[in-house]
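Reading through the structure tokens given below for one structure.
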Amino acid sequence: MKKIATIGAALIDIYFQSESFAPQHAADGRILCQPYGHKIEISDHTVCIGGAATNTAVAFARRGHDVSIVAEIGRDNFGSYIKSSLIREGVNTRHLVAEKLEKTGCSVILCGPDGGRTVMVSRSASAMLDDYDIPLRFLRTRDWIHLSSVGGVMNALNEIWKVFDRGNMNFSWNPGKKELQLLANGTLKLPRTERSIFFVNLEEWNLAARVQADIMQAFKYVVITDGGNGGSIFADGQKAFDYHARPNLNVVDETGAGDAFAAAFVSTILYERPLEEAIVAALNNSESVIAHIGAKDGLLSY
């Protein structure tokens, strides 16, 4: 068992499922259209907790780790629901910041019959972590830190980066587009790490074109995912291998697949298992998640 802290977003996900949410093709991609002013009947709805910090926290907890979460919510019913759900999963919520004057973030997710989705999100408190919300002394006691997007808030990022001032921390990072833009324009520097893993999808990797060499040098492993096409693993700056997703999967909802993949990969490395085994565990976890509505029902134990 390792002591892990996850940092990022915590919000509520509300899912609407309907056969009418089938995508249509347009010149700039696939679109989802519904008649304006009409009442749309749906076949089912689900309410659950989401956000990368909660997704990875629960994933790590189910794999046997001592997990704490650093994220921001409001002092409202949604926030209470997030906190109680995490506690039931065995996640330490001591550093889950509840702000009186902020609303808990919320996403409404329209799920199509092919497993694809359109997401409408109000990030609210989930994007408002600041430097004074980061428990620096506590983070230095953790065996591993997993950071997802904090909305590009530089105050929070600069405070988190101070964790590395007193030596190399074990660290994994799944940045969002805003963090990648900060890296690309030189505003945000890469942390000094030793045992570290960097996760991005192919689109995000292309956004980081200017700093790809720096990322390869800074991180022990770089994992570039490409959905159903598989992905690539780099170790010490060299390609270790490509991996392939399994065909003909039962895709109900793609939400949280990347978080499930990252948490299982990191957890397997923490258990000192081979890289190839980490990929198998990551694929198994993400493939189980996409067979369920929500980012957590399909999460596997170690």
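Summary table
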quantity: Under DSSP loop assignment and at most 14 Cβ neighbours within 10 Å, longest GluC sites (Glu not before Pro)-free interval of the chain; calculated: 42-271
quantity: Trypsin sites (Lys or Arg not before Pro) restricted to the stretch 1-87 and DSSP loop, no more than 15 other C-beta within 10 Å; calculated: K39, R75
quantity: Inverse mean reciprocal Cα-Cα distance (Kirkwood Rh) of the chain, Å; calculated: 19.6 Å
quantity: Mean residue ellipticity (222 nm) of the chain, computed from DSSP H runs ≥ 4 via -39,500 (n - 2.57), nearest 500; calculated: -8000 deg cm²/dmol
quantity: Relative contact order, percent, the chain [alpha-carbon distance under 8 Å, six or more residues apart]; calculated: 17 percent
quantity: Extension reserve of the H95-Q34 stretch, reckoned as 0.36 nm per residue once the Cα distance is removed; calculated: 17.9 nm
quantity: Fully extended contour minus Cα-Cα distance, from A291 to D226, at 0.36 nm per residue; calculated: 21.6 nm
quantity: Gaussian network model of the chain, springs between alpha carbon atoms under 10 Å - residue of G90, G152, G186 with greatest fluctuation; calculated: G186
quantity: Total lysine pairs whose alpha carbons fall under 24 Å of each other in the chain (8 or more apart, or interchain); calculated: 27
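All of the numbers you see were taken from the coordinates with simple rules; none came from a lab. Quick caveat, the model's predicted, so the values are computed rather than measured. Here Cβ is always computed from backbone atoms with ideal geometry, including for glycine, and neighbour counts include all displayed protein chains.
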